[in-house]
Amino acid sequence: MISISSRLNGILSKIFCLILSAIITLVFVHRNPKIGIFEQIYFANLSATCVIIIWLITTKPYRKNGNQTLYQAISQIDIKWYFVRAILSLIAMTVWSYISKKLGAYEVTLIGYLGLVSPLIISHILDLEKIRLSSVFGIIICILAVFFSLKEENKIISIINILIGLIPSICWGGYEIICKKQSSTDDLILQGFIVFLASVIISSPMIIPNITKIPYNEIIFAFYLGFIRIGVVFTIFLSYKNLSVNSLLIMGYLRLPIMIAINYSIFSEVPLVKTISAAIIIILTNFIIINHNKKIDKNINNIDDITAKK
C-alpha cells in the first residue's frame, strides 16, 4: 500500500522531472551552439558525474551496512543494467535533441506520445498480453491526431522523421522500466553517479580525440546543463520509487502542456491551435482507453474469482 505522502512525493517528483526535461528540450531547440548535440550531452554527463562524486565523498549515503567503502557499495550493484540505462539515455537524448531541433519541440512531443504503445506491442509479440480492440481503436485515433497536428502548409513531416521521433520514447520506456526495478533496492545518489559515469565511459572514446577543438564557453554551458540532468535522473528515480508504472504513464501526457507553458513564459512562443487540439485528443483518448481496459480487467478478475470458488 502506497501512503499518501509517498504518492504526493511521487507526483511532485514526476512533475518536476517533466519541467526539467522540457527546459533541456527547449534549450536544444532555441540555442545554436558551436558544438554537436553528442558533445553537449557528454559534458553535461561529465559535469553531473563530478558533482555527484563530491556529494558521495562528503555525505557517504551508501554506508547503510557499517563502514563500507564506495567501491564495496558499487560492487554490490548489478552494474550491467546501469550501462544499459546509460546507452538508452544517450540514444534517447541525442535523437530527441536532433529531431526536436529539426521538427520543433511540440511536434516531437506529439510523436513521442505514439511511442507509448510500444509496451503493448511488445507484450503481444511475447504473448504476455493480447492487444484489445479498444486499444487498437485508441491507437488509430492518436495516430490520426498526430498526423493532423503535424500536417502544415508547405511543410511535410515524413514517415522517416516520425519513426526517428519514436526512438527516444521507446528508449526512455526501457530506461524507466529498469529504473523502476532499481528504485526498490539501490541508493538514490549512488545510482545517479553510476549511470552518469557509465555514460561518460561509453562516450569518451568518441569525444576525447577532438576535445581540444571544442570552444571553452560551450563546455562551460554544457556543464550547467549537467545540474539539470542531475535533477532529471534523481526525480525519475524518486517518482518510480513512490508510484506505480501505470500512474506515471498517465502523468507522462503532461509533458506537452508543461512544455507549452514554459515555452510561452520564456520565449513567448504560442503553439498552433491544432497542436493544442491534437494534444487534448490524445490525452482524452488515452484516459478513456485506460479506464475501459481497467473495467475489462476487473471483470476478468471477478470471473476468475468465481471460477476458483467453484
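The values are calculated or read from the model by the stated rules, or taken from the named source; none is laboratory data. Here the structure is a predicted model, which is why all the values come from computation and not from measurement. Note that each Cβ is placed from the backbone with ideal geometry, even for glycine, and that neighbours are counted across all protein chains shown.
Table: residues versus (1) exposed (fewer than 14 other Cβ atoms within 10 Å of the Cβ); (2) aliphatic (A, V, I, L, M); (3) closer than 30 Å to F196 by Cα; (4) modelled with pLDDT of 80 or more.
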residue	(1), (2), (3), (4)
G66	yes, no, yes, no
S89	no, no, yes, yes
A92	no, yes, yes, yes
L110	no, yes, yes, no
V117	no, yes, yes, no
C142	no, no, no, no
L150	no, yes, no, no
I170	no, yes, yes, yes
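Figure legend. Inter-residue proximity from the range 181-209: first residues among the charged types (D, E, K, R), second residues in a helix (DSSP H, G or I), beta-carbon distance below 8 Å, spacing 6+ or different chains. Indicated pairs: K181/W81; D187/A73.
Being hydrophobic (A, V, I, L, M, F, W, C), closer than 15 Å to G226 by Cα, surrounded by fewer than 21 Cβ atoms within 10 Å (Cβ to Cβ) and within 24 Å of the chain's Cα centre (by Cα) holds for only one residue in V29, V51, and it is V51.
Quick check: is even one residue across the range 8-21 among the small types (G, A, S), at pLDDT below 85 and buried (at least 18 other Cβ atoms within 10 Å of the Cβ)? Among the residues of the range 8-21, at least one is among the small types (G, A, S), at pLDDT below 85 and buried (at least 18 other Cβ atoms within 10 Å of the Cβ), which makes the answer yes.
Check whether at least one residue in the range 69-78 is modelled with pLDDT of 80 or more, outside any helix (DSSP H, G or I), within 22 Å of I178 (Cα to Cα) and touching a Leu at 6+ places or on another chain (Cβ under 9 Å), and report yes or no. Yes, because at least one residue in the range 69-78 is modelled with pLDDT of 80 or more, outside any helix (DSSP H, G or I), within 22 Å of I178 (Cα to Cα) and touching a Leu at 6+ places or on another chain (Cβ under 9 Å).
Kindly provide the set of residues from the range 1-34 that are more than 21 Å from L103 (Cβ to Cβ) and part of a loop (DSSP other than H, G, I, E, B), ordered by number. First the steps, then the outcome.
From the range 1-34, those more than 21 Å from L103 (Cβ to Cβ) are 1-17, 19-20, 34; that's our starting set.
Listed by number, the residues that qualify are M1, I2, S3, K34.
Quick check on my filter: what residues within the range 87-104 are of a type in the set (F, W, Y) and farther than 19 Å from N32 by Cβ?
Looking only at the range 87-104, we keep the residues that are of a type in the set (F, W, Y), and these are 96, 98.
Once the filter is applied, which keeps residues that are of a type in the set (F, W, Y) and farther than 19 Å from N32 by Cβ, the range 87-104 yields nothing.
Mind listing just one residue for me: the one in the range 225-246 that is among the β-branched types (V, I, T) and out of contact with any Phe, Trp or Tyr (no Cβ under 6 Å at 6 or more places or on another chain) and, of those, modelled with the lowest pLDDT?
Filtering the range 225-246 down to residues among the β-branched types (V, I, T) leaves 228, 230, 232-233, 235-236, 245.
Retained after the next criterion (residues that are out of contact with any Phe, Trp or Tyr (no Cβ under 6 Å at 6 or more places or on another chain)): 228, 230, 232-233, 236, 245.
Details: I228: 92, I230: 93, V232: 92, V233: 91, I236: 89, V245: 68.
Among residues in the range 225-246 that are among the β-branched types (V, I, T) and out of contact with any Phe, Trp or Tyr (no Cβ under 6 Å at 6 or more places or on another chain), the one modelled with the lowest pLDDT is V245.
Considering the range 182-200 alone, what residues qualify as being of a type in the set (A, V, I, L, M, F, W, C) and modelled with pLDDT of 90 or more? Listed by number, the residues that qualify are F193, I194, V195, F196, L197, A198, V200. Quick one: would you say N286 is within 19 Å of I189 (Cα to Cα) and modelled with pLDDT under 85? Judged against the criteria, N286 is not a match. Considering only residues that are more than 13 Å from Y106 (Cα to Cα), touching a residue at least 40 places away in the same chain (Cβ under 8 Å) and either touching a strand residue (DSSP E or B) at 6+ places or on another chain (Cβ under 8 Å) or not β-branched (V, I, T) (or both), which ones fall in the range 254-289? Hits for the range 254-289 are F267, N286.
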